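Written out below as structure tokens is the structure these notes cover.
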Amino acid sequence: MWLHVRLSEVCLFLQAMFILACCFSDMESGPIATSGSVQPNGDRFKIEGRAIVPGVKTQDWISSARVTVEGEEYIGFLRTDGSFVVNDVPSGSYVVEVISPGYKFEAVRVDITSKGKMRARLVNFIKTSEVIRQPYPLQLRSSGPHTYFMKRETWGWTDFLMNPMVMMMVLPLLIIVLLPKVVNTNDPEMRKEMEQSMNMLNPNPELPDVSEFMTKLFSGSKSSSSKAIGGSKCQNITCTSGLRNYCNWSCHGNYNAIFKKSFFIRLYNCFLSRVFFPLSNNPRVCTTLVLCQF
Amino acid sequence: MKPPAKMSKPTSLFVIFFSLFVMSEAVFEDQVGKFDWRQQYVGKTLFAHFDSHSQSSKKLFLATDKNIFASFNSRTGELFWRHVDKAGPEGTIDILLLHGQDALMVVGGGRLLRSWDTNMGGLNWEAVLDTGSFQAACFVAMQDTVKHVAVLKKAAISLHYLTNGHQKWVENLPDSDTVQYQAVYSGGEEEVYVLGVVPNSHLTIIAYSLEDGEIIKQRSVEAPWLSSVESSCVVVGHGVLMCVDTATLALYALPIQSLDLEVSPGFQPVLVSSQPHPARSPISEFFLQLGPDHHVLLQLNADGYTIAPLRDFQPAFLVSFSTTGEKTVAAVMTPKNETVKKKKNVASCMWSYSSDVFPPQLYVHAFLKKDDSVGYRVLVQTQDHALTFIQQPGRVVWTREEALADVVTMEMVDLPLTGTQAELEGEFGKKADGLFPMVLKRLSSQVILLQAWLAHLWKLFYEARKPHGQVKNEVTIETLSRDEFNLQKMMVMVTASGKLFGIDSKSGSILWKHYLENVQPNAVFKLIVQRTTAHFPHPPQCTLLIKDKDTGLASLHVFNPIFGRKSHIAPPALPRPILQSLLLPVIDQDYAKVLLLVDDQYKVTAFPSTKNVLQQLQEMASSIFFYLIRSDQGNLSGFRLRKDLSTERIWEVVLPTEVQKIVAVNGKRPNEHVHSQGRVMGDRSVLYKYLNPNLLAVVTESTDAHPERAFVGVFLVDGVTGRIIHEAVQRKARGPVHFVHSENWVVYEYWNTKSRRNEFSVLELFEGTELYNSTVFSSLDRPHLPQVLQQTYIFPSPITTMEATLTEKGITSRHLLVGLPSGAILSLPKMFLDPRRPEVVTEHSREENLIPYAPEMPIRTEWFINYNQTVARVKGIYTAPSGLESTCLVVAYGLDIYQTRVYPSKQFDVLKDDYDYVLISSVLFALFFATMISKRLAQVKLLNRAWR
């Protein structure tokens, strides 16, 4: 399930891409500016350019690279300084690509008119008539080495601990262990507040409730804990309802234990909502899940 | 971060499953070379040069018939770099000249002049030459430095600077319509000589000035005996043209001199000479070849008029010169499989090296050793395209099987079982003979297994004690046996040169090779596995059908695919041209499948044709159908076998050749399994697949090539009834069409002429929600036509070949393996090519895991199964199932051979190779100890409580 959480960050981005792609699906390919006809006895032209791999010496990569025009229709080789010329190309529109097993280059579409005028533009297979000019003679800059390999999923303690699932298991455990020791669940004010905050999270009364579950749990162990916090006193704790509104509070005297505890619960609620909100707006999901965890 | 909840759900699903793909597909970096290997080849050598630039250089430069210029390490035979030019006549290498660090090449019949930096493997410059067919080229030197190169075309000569390729001058040759100019020569003077001949009339010599291309001298010599300059004339010594008269065998050194030599009847004498440096004159010694195996070493005397024979070499097949410093070496290859080395000053040494194939080319490299003696290296290319490098004492340093650069077809054959494995297998095959013997047998086989395991352990232990490096894990034919999951197989490869190879799929080592001597260069091959290794003690049997493309006459070569030995079974004589061959599922008493060959009179020959087979054929004749394609007539016809092994035509489909031509016809692979009969849809109903085993996919292309009117047609024809099941026409499209036909789908790729892009189209056939006859499929009884769904996608790259993965039982999802021109092999999930991909995502389509339709197909480098091990000019991809359902073996061949395994649905049936044994076992142990301790604690507690 935690995969969802992680991926939710990616999904916005991809979603945008996906919508973009859908927009283009009704493709229209109007006539292109340059003529695509090839005259059998017409002139032959040359496509010139230069390919650069930043930070790599040319001799390290040019011997395995070549320039292809429209697949393998015309082939050019790279000079020792990274420049290239593809000779003997008739007029038309071609996709020019520098192919290297080590480094990736963007393909460029080159249009050659029957008079030999050249133009370079971005390759767009969906909107074929779209023109985004590129410099000519071509300037092809590698965007880095190809990523052929996937990273192996390694196992580390930090990965394990930072895993939301594990955190979700550890935090309730802490709460279960620590809360009964500090919270005086017999305090009616406190109980009321807790219920309130829990109801915020869980509007559906039919479903089993975490707060109920908790209070039950706490009241079961009250006898042992009542002694420890019996002496604490706090008069005016007012808490506005709202998930992300933290309490407006005023407390006379010292920071007592009650406040600390209620704050803790709220923090936990917020944490839950944070974790699950990207996936679903329904808080039911998180409560039920937490129950499963218990 | 909080995306709108409504949208996030479908997209996140999409993303998840996208990511699953990514995981299933990619190679992990630590897996490099674990299951895969690549072998690179260059093809048959046309020109070879040793790098004599520096003394200790180990470079070797080759130009081959595959339009490749390559640099090799002469010590190991490994490639330094290689430049693959366009295939076909536009990329042919006409000549390769080497000078210092620069290699000069004329490409494409005199189209381009290229200069390479041999050190870096990059281009220095490329110059476009004027049109005209290329004749010859040579370096031109001036005052001992080589600054120019002269290129002779049919009607012009041009001079280019070596530094930048710029043309210095170009001159038209006089009378080029009558005179055939064939040679160009420069001897270090200020002149360039062009030699032309009017056959059987006279010889023309023109001297051009180096400076401005002016004709300085022009001379015509009567030579009614001369027909070609190329082979019969050489320049020897100080500018003396030596020509040989075929008829009288007189050597014309311009003044004519006769020699008492005898030429073999019907043989055109050839002269061989050498010019070690373009700035100097050629050496005065030269070879005269008098017959196929007769050479004479001659010397032009200092006076320039008299010739003295130095030595007669008979028999001698090949001769070659090499020069280092002041010393020149002549190498002579004699037919006793020996290389005779002879220094110019007669000190000769002999090496022997054995080869059973006639070598057509010989390259010698002489170099000065440290002690000033001459060392030699020899490169021999034999007729079977094997390239052998020999060091001085006759030691073969390396051999490259360049025939593998042109693999035509291949098969993968299971390896035989070992004795113990066979024993175990036999236990399951036999009929039960009582409980007690079965138990005994079981026990005995377990004991055998235990023994084998112990022996293995002992071997491991024994080898571990040995010093490192001595342990060799060489694969030999004797040690070959099937592994646990049948992942290691024998690759039987057939090459265009007629050489067969048996290659171990695990290591890539060549285990056997067999050269078929008299295979025509235009032959087509079909490799058929008639009997697999499963029928012990019968040996496996493969049959190679070799057919001459022009005459159609065919012959069979029957062999054992594991050992490469020719079988003693005599193949039938095939006097008539063969039209079609088909392998029947019928087996004879020796478990060999029956091969039927149909000749041009529609008579059928069976192989093997024993009585048993003929009887079976008679019984089954009425249910044996086959089809014939006549693409020149646009004719597709179906036949049925009669009881007397004659045939009758039952249907015919004519596709008029004026409109379209049949490009390819493809049925389904016979060893393909389809696991599920249908697809479960979102509403839990089942859409049944139309699984017609007799379905043929016929692809046609329009004869009209105009971009507006061109089209590509796909016809789905039932091979038994001739019924056209479906017909799809892609307008404004042209080939080359690549397609895969499998299960209930056809995927094809074509070029969209309007939008100028490659497109993939998928056709899927479904019977509907109900099956007509679920038990058996019969082409004759299918009243309903299938529902056909089609969808088309943009593919952002051209492709060179396509194949689908294949697994044992067909449970694993399918992937398409697409060979790209870049040499990468893309593994594309078939899921992306699903005509049911919805444009609008619905609840049902999400339930079905359908990816929403997107017009452009993604190409991700993580999906390249061969990462950076590119396969140049991928010609074919062969897929074979392994013993594991999840694993498919893949061999991509073209110029290179690449073997790997793919897991289209991840490795679901075995533990992954990165399985964390340490973690699992440590957790187990921890839990175990925790329980022990807690048990003890609980006991103590109980005890304490009892005491209380």
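Structure summary
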{"quantity": "Partner chain coverage, peptide B:74-87 - average Cβ within 10 angstrom", "calculated": "2"}
{"quantity": "At least 20 Å along the helix axis (C-alpha) and Kyte average at least -0.5, DSSP helices within chain B", "calculated": "B:5-25, B:435-465, B:917-947"}
{"quantity": "Phi to ³J(HN,Hα) by Karplus 6.51 cos²θ - 1.76 cosθ + 1.60 over the stretch B:551-561, Hz, x for Gly, Pro", "calculated": "8, x, 6, 10, 9, 10, 10, 9, 8, 8, x"}
{"quantity": "Residue mean of other protein chain beta carbons inside 10 Å, B:750-759", "calculated": "4"}
{"quantity": "Taking the C-alpha atoms of chain B, convex hull volume expressed per residue in Å³", "calculated": "287"}
{"quantity": "Pair B:SER774, B:LEU487: separation of 7 Å Cα→Cβ label points (nm)", "calculated": "3.8"}
{"quantity": "Protection proxy ranking, peptides B:103-109, B:818-824, average beta carbon neighbours within 10 Å, highest first", "calculated": "B:818-824, B:103-109"}
{"quantity": "Partner chain coverage, peptide A:77-85 - average Cβ within 10 angstrom", "calculated": "5"}
{"quantity": "Neighbour cut-off at most 14 other Cβ (10 Å), DSSP loop, trypsin sites (Lys or Arg not before Pro), the stretch B:706-762", "calculated": "B:ARG709"}
{"quantity": "Sequence-distant residues sharing a close amide H with B:THR647 (under 5 Å, placed H)", "calculated": "B:ARG642"}
{"quantity": "In nm, spacing of pseudo-spin labels at B:MET831 and B:ALA926 (7 Å Cα→C-beta vector)", "calculated": "3.3"}
{"quantity": "Theoretical FRET efficiency, 1/(1+(r/R0)^6), r = Cβ-Cβ of B:LYS809 and B:VAL659, R0 30 Å, to 0.05", "calculated": "0.10"}
{"quantity": "Proximal lysine pairs, the stretch A:39-164, alpha carbons under 25 Å, eight or more residues apart or interchain", "calculated": "7"}
{"quantity": "Protection proxy ranking, peptides B:435-448, B:113-126, average beta carbon neighbours within 10 Å, highest first", "calculated": "B:113-126, B:435-448"}
{"quantity": "17 Å Cα-Cα reach of B:LYS668 towards aspartates and glutamates, excluding residues that sit fewer than 8 places from it in its own chain", "calculated": "B:GLU411, B:ASP718, B:GLU743, B:GLU764, B:GLU803, B:GLU808"}
{"quantity": "Cα-Cα over 23 Å, subset of B:LYS513/B:LYS809; B:LYS513/B:LYS547; B:LYS441/B:LYS912; B:LYS499/B:LYS611", "calculated": "B:LYS513/B:LYS809; B:LYS441/B:LYS912; B:LYS499/B:LYS611"}
{"quantity": "Size of electric dipole in chain B: Cβ of Lys, Arg +1 and of Asp, Glu -1, about Cα centre, debye, nearest 20", "calculated": "3620"}
{"quantity": "Extended-chain gain in nm, criterion 0.36 nm per residue less alpha-carbon gap, B:TYR161 and B:ASP914", "calculated": "265.2 nm"}
{"quantity": "P(r), alpha carbons of the stretch B:839-948 - 10 Å bins starting at zero, rounded %", "calculated": "10, 18, 21, 18, 12, 9, 7, 3, 1"}
{"quantity": "Potential lengthening between B:THR842 and B:ARG684 on full extension [0.36 nm per residue; Cα-Cα distance subtracted]", "calculated": "55.4 nm"}
{"quantity": "Debye intensity ratio I(q)/I(0), log10, the stretch B:40-159, q values 0.15, 0.17 Å⁻¹ (C-alpha model)", "calculated": "-0.66, -0.84"}
{"quantity": "Selected from B:ALA570, B:TYR602, B:VAL659, residue furthest toward positive end of dipole (the stretch B:567-659; charges at beta carbon)", "calculated": "B:ALA570"}
{"quantity": "Dipole magnitude (debye, nearest 20) for the stretch B:650-736, charges at Cβ of Lys, Arg, Asp, Glu", "calculated": "320"}
{"quantity": "Approximate spin-label separation B:THR145-B:ARG709, in nm, with each point projected 7 Å along Cα-to-Cβ", "calculated": "6.1"}
{"quantity": "Average silhouette area of the stretch B:823-863, convex hull of alpha-carbon atoms, in square nanometres", "calculated": "3.4"}
{"quantity": "Set of aspartates and glutamates with alpha-carbon distance to B:LYS935 below 18 Å, sequence-local pairs under 8 removed", "calculated": "none"}
{"quantity": "Extension reserve of the B:ASN944-B:THR479 stretch, reckoned as 0.36 nm per residue once the Cα distance is removed", "calculated": "160.7 nm"}
{"quantity": "Sites B:SER631 and B:SER676, calculated FRET efficiency, Cβ-Cβ separation with R0 45 Å, nearest 0.05", "calculated": "0.80"}
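Values in this text are rule-based calculations from the coordinates and carry no lab data. The shown structure was predicted, so the numbers you read here are calculated from the model rather than taken from an experiment. For neighbour counting, all protein chains shown are included, and Cβ atoms are generated from backbone atoms with ideal geometry for every residue, glycine included.
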